Amino acid sequence: MLLEVLLAASTILPSQDTVRTDSLWSSALGVTKHYLVYLPPSYATDTTRRYPVAYYLHGLNGDETNWVRLGELNDAMDSLIEAGGPEMIVVMPDGDNSWYTTWNSMGDYNACKSDTTRQEAASTFCVPWPHYDDYIARDLVHHVDSVYRTMPDRAHRAIAGLSMGGYGAVELALQYPDVWSAAASHSGTLQLMYAGPHPYDGHDSYAANMDQLQRASGGAWLSLREALGKDTAAWRSRDPLTRVARLKAAQPDLMPAFYFDDGTDDPFIDQNRAFDAGLTALHVPHEYHEYPGTHNWIYWTAHVGQSLAWIGKEIAGAATAN
């Protein structure tokens, strides 16, 4: 399975004042984590205005800088605003290789810190308490709402991501529907247990044991096994379509709006088609697109503006004053 191809670490961030690096202490993780934040052009001058917020999650082997230094998200936002689109704050957190979930085991914090084969430093990668869903949905959201002039309610908050982050965005929006009203995914792994057919033909088959899950997961297997464990029930409970069905039965008024897209040559295309079909069968409104391309930054850079524009329409209400 093709994973994210990252550029060299020497790639630098843009110097615009609209992109900042910030940090927070996360009680859910037990460490300090960094994030990037895009502030819209009027933020510095219109000091009474509040803004909707979009959270953008990186993919496997990525970090908080990816969406700016590789995906040019800040340029896409600038272009949308110049064309008359709504101004938003965009937050890009560091999610490690977490799958944005609470792990089924604690992991080995000391072994992580002593690992010399990993490219990223232990100080920014290893955590003693792998509760990544609470870190994003509770710690980070509360921190951002307290530090920046946000519109701090569900209606003005969305979450998006690519690949692992696309899965995380959809999963977090369903797990915490009180926090986010919209979720977007680029090339997301939206059906983790999907085992075929390839190509998708409407007759879904799902993995029933760990051997089948390993074959279906390909190159993402090791990180998925660490995060989700060796219990197929744990995987199934974190399946987005399973969460959709549960939320629709329990709290249909809190169902998030969904946007997702994928490249026609992407290894996750069949997962996305199955998720599209599943949402349609459950009568859950959503927007799905396929475009030429594969699982790389050429595709994500080309299409991040589309998810940003869609999110803007979903969450950008009238700005309010303090």
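Only residues of the range 248-266 count here: report those whose backbone N is under 14 Å from the spot 7 Å along Cα→Cβ of A233, or say none. In the range 248-266, the label zone of A233 (backbone N under 14 Å from the point 7 Å along Cα→Cβ) covers no residue.
Based on the Cα coordinates of the range 19-315, what is the per residue volume of their convex hull in Å³?
Numbers: hull volume 37.1 nm³, N = 297.
Considering the Cα atoms of the range 19-315, their hull volume per residue is 125 Å³.
Derived scalar couplings between HN and Hα for the range 137-154 equal 6, 10, 4, 5, 4, 4, 4, 4, 5, 8, 9, 10, 7, 8, 9, x, 8, 4 Hz in order, rounded to whole Hz, by the Karplus curve 6.51 cos²θ - 1.76 cosθ + 1.60 (θ = phi - 60°), x for Gly and Pro.
As a test of the formula, what do you get for the chain when each DSSP H run with n ≥ 4 contributes -39,500 (n - 2.57) and the sum is divided by the residue count, at 222 nm and rounded to the nearest 500 deg cm²/dmol? Numbers along the way, then the final one.
Details: 12 runs with 108 residues, N = 322.
Taking each H run of at least 4 residues, the total per residue is -9500 deg cm²/dmol.
Rounded to the nearest 5, what % of the DSSP beta bridges within the chain are antiparallel ones?
On the way: 16 of 40 bridges.
Counting DSSP beta bridges with both partners in the chain, the antiparallel share is about 40 percent.
With contacts taken as Cα pairs under 8 Å at a separation of at least 6 residues, the chain carries a relative contact order of 22 percent. Residues in the range 228-245 carry Karplus couplings, in order, of 9, x, 10, 10, 4, 5, 5, 5, 5, 5, 9, 6, x, 5, 4, 5, 4, 4 Hz; the curve used is 6.51 cos²θ - 1.76 cosθ + 1.60 with θ = phi - 60°, and Gly or Pro positions show x. Straight-line cross-link partners of K230 among the aspartates and glutamates, defined as a Cα under 14 Å from its Cα and at least 8 positions apart when in the same chain: D211.
Evaluate the relative contact order of the range 64-166 (contact order divided by residue number), counting alpha-carbon pairs under 8 angstrom at least 6 apart; express in whole percent. Don't skip to the answer; put the middle values down first.
Values: 56 pairs, mean separation 25.2, N = 103.
Contact order relative to length: 24 percent.
Amide H contacts of Y51: T150, M151, each under 5 Å away and 5 or more positions distant or on a separate chain (H built 1.01 Å from N in the peptide plane; Pro and chain starts excluded). Answer rounded, prolate or oblate for the range 107-224, using the Cα gyration tensor with square roots of eigenvalues a ≥ b ≥ c: rounded when a/c is under 1.5, else prolate when a/b is larger than b/c, else oblate. Oblate is the answer for the range 107-224, as a/c is 1.5 or above yet b/c matches or exceeds a/b.
Within 10 Å, count the other beta carbons around each residue, average over each peptide in 151-162, 240-251, 202-213, and list them highest first. Can you show the working numbers first?
Values: 151-162: 23.5, 240-251: 16.2, 202-213: 14.1.
Top of the packing list down: 151-162, 240-251, 202-213.
Since every read-out is calculated from the coordinates, none of them should be taken as a lab result. Because the structure is predicted, anything quoted here is derived from the model rather than measured. Heads up, the Cβs are rebuilt from the backbone with ideal geometry, glycines too, and the neighbour counts pull from every protein chain shown.
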